[in-house]
Amino acid sequence: MAAEKAEMDALKKECDGLRAQIEAARKAVNDGSMSASAGGVEAVGRVQLKLRKNLKGHLAKIYAMHWSADSRQMVSASQDGKLLIWDTFTGNKLTAVPLKSAWVMSVAFAPSGNLVASGGLDNICTVYNIKAASPKTLRELDAHTGYLSCSRFLSDSEIITASGDTTCCLWDLETGKQKVVFTNHIGDCMSLALSPDENSFISGACDSLAKLWDIRSGTCKQTFSGHTSDINAIAFFPSGNAIITGSDDCSCKMYDLRADQEVIGYQDTSLNAGVTSVALSNSGRLIFAGYDDFNCHIWDSLKGEKVGVLSGHDNRVSCTGVPADGMGVCTGSWDSFLKLWN
Amino acid sequence: MSNNMAKIADARKTVEQLKLEVNIERMMVSKAAADLMAYCETHAKDDPLVTPVPSSENPFREKKLFCEIL
């Protein structure tokens, strides 16, 4: 008993020591803030985007959406038990995929456009072939012991999932088996994003931490703290050198990967709603953050100022996405509609 | 008893993870910030949400159909 307590105490001391070392190392390179550096950058001015399309079709709350790599098709998931694939240029629905479980929380489009994946409270990531005559279930990835919060395809043969069981996982779609399990979070994983070079990914979790992972080795390379509540959303800055997080603590943060720390925060005393989703414009200058206050607020990523708002939804904005060509932004809401803006 | 063993195992894993994270090279924040700013500046003209494209090139605009009632 005493020996165990002694070992625990020693380990705790070692942890505290290492944490202090990390903080000291971060402090040592902290020679100035982003907002100070960005003082000389030209302001973007008021960003006023127009509502271009209001996509009606779902019959219940929309929980997730994802753009196809072609910047034209988009898939949305609703707890009405359906995935809808849209042609955003015309507003037409191309395909409806009925789900075995209506409690969907995540959806993803494969870069090829051939497959979509969804999952939720069923703990399963189901992959569908949408190029078949009618959508066909290709694989059911069943190993998580908690809800599926997010998924992203690397290709038609590999997908990464994030789960309420606190792990993320890389799956082989040919075999349907787990290739790598990423364990280190101590809270439900809520969101993930792939790095532009696809060698790593980031995850945000209910332990208020964001983690950077090496996809092939499975190791957690860096951990970012600062949020005081669940991180619900996470995205890469387009250069791949920084990440943006959105949290229930009503703020967003940008962490630079090479400086290994937060470089700017995005919060406003008038904003008392949790952040549900984040997406960046192609240059990285604008951050579109969906909030529980029914709006999507637009932030200047460099200056940390609010520069616009997308209003129109009648309920929480649950998902946001910018297509690869950066032409617009899509917001999805619990009000069952998706809106396209630019 | 096994609960304590589990806690010790967790603590050991935490120490190992922290050891991995402590030894990375860190860039000065000012340089990192400058890089991010430079990226935004270089790509601003190619960002349709920062530098709007003409209406004719906007794939999401409502296409006006001209009808005449004869």
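Read-outs: derived from the displayed coordinates by stated rules, not from any lab. Being a predicted model, the structure only gives us computed values, none of them experimental. Virtual Cβ from ideal backbone geometry, glycine too; neighbours counted across all protein chains shown.
Side notes on the structure shown:
- Sorted fewest first by neighbouring Cβ atoms within 10 angstrom, A:Ser134, A:Ser247, A:Ser311, A:Ser195 come out as A:Ser134, A:Ser311, A:Ser195, A:Ser247.
- Whole-number D in µm²/s for region A:11-92 (Stokes-Einstein; Kirkwood sum over Cα pairs; 10 °C, 1.306 mPa s): 87
- Ranked by how many other Cβ atoms sit within 10 Å of their own Cβ, fewest first, the residues A:Cys15, A:Cys125 fall in the order A:Cys15, A:Cys125.
- C-alpha center-to-center spacing [region A:281-342, region A:155-218] in angstrom: 25
- Normalised by the number of residues in chain A, the mean separation of alpha-carbon contacts (under 8 Å, six or more apart) gives a relative contact order of 14 percent.
- Mean projection area, nm², convex hull over Cα of region A:138-245: 6.2
- Sequence ranges A:39-46, A:81-88, A:220-227, ranked by mean other-Cβ count within 10 angstrom, highest first: A:81-88, A:220-227, A:39-46
- Debye intensity ratio in log₁₀ form over the Cα atoms of chain B, taken at each q of 0.12, 0.13, 0.21, 0.23 Å⁻¹: -0.69, -0.72, -0.98, -1.03
- Dividing the helix sum by the residues of chain A, where each DSSP H run of 4 or more adds -39500 (n - 2.57), gives a mean residue ellipticity at 222 nm of -3000 deg cm²/dmol.
- Contact order for region A:61-201, expressed relative to its length and based on alpha carbon pairs under 8 Å spaced 6+ residues apart, stands at 14 percent.
- Across peptide B:11-21, the mean count of Cβ atoms from other chains lying within 10 Å of each residue's own Cβ comes to 6.
- Most positive-pole-ward Cα, A:Ser35, A:Ala10, A:Leu138, against dipole of chain A from beta carbon charges: A:Leu138
- Taking region A:224-342 and dividing mean pair separation by its residue count, relative contact order in percent (alpha carbons under 8 Å, at least six apart): 17
- Spread of Cα-to-Cα distances over 10 Å intervals beginning at zero, given as percent, for region A:66-151: 19, 55, 24, 2
- Where GluC sites (Glu not before Pro) in DSSP loops with at most 10 other Cβ within 10 Å are excluded, longest remaining stretch of chain B: B:26-61
- Start at zero, step by 20 Å, and the Cα-Cα distances of the protein assembly as shown spread as 27, 56, 16, 1, 0 percent across the bins.
- Local net charge near A:Ser283, Cβ-Cβ under 15 Å (Lys/Arg +1, Asp/Glu -1): -4
- A P(r) calculated from all alpha carbon pairs of region A:193-310, with 5 Å bins opening at zero, reads 2, 13, 25, 26, 19, 10, 4, 1, 0 percent.
- Dipole moment magnitude, nearest 20 debye, chain A about Cα centre, only Lys, Arg, Asp, Glu C-beta charged: 980
- Qualifying trypsin sites (Lys or Arg not before Pro) in region A:270-307, DSSP loop, other Cβ atoms within 10 Å at most 10: none
- Under the Karplus curve 6.51 cos²θ - 1.76 cosθ + 1.60, θ = phi - 60°, whole-Hz ³J(HN,Hα) for region A:124-131, x wherever Gly or Pro sits: 10, 9, 9, 10, 10, 8, 9, 8
- Ranking B:Cys40, B:Val29, B:Ser2 by Cα position along the charge dipole of chain B, where only Lys, Arg, Asp and Glu carry charges on their C-beta atoms, puts B:Ser2 farthest toward the positive end.
- Note on region A:42-83: along the principal axes its Cα atoms extend 46, 23, 16 Å, ordered by decreasing extent.
- Extent along principal axes [Cα atoms of region A:205-263; Å; largest to smallest]: 32, 21, 16
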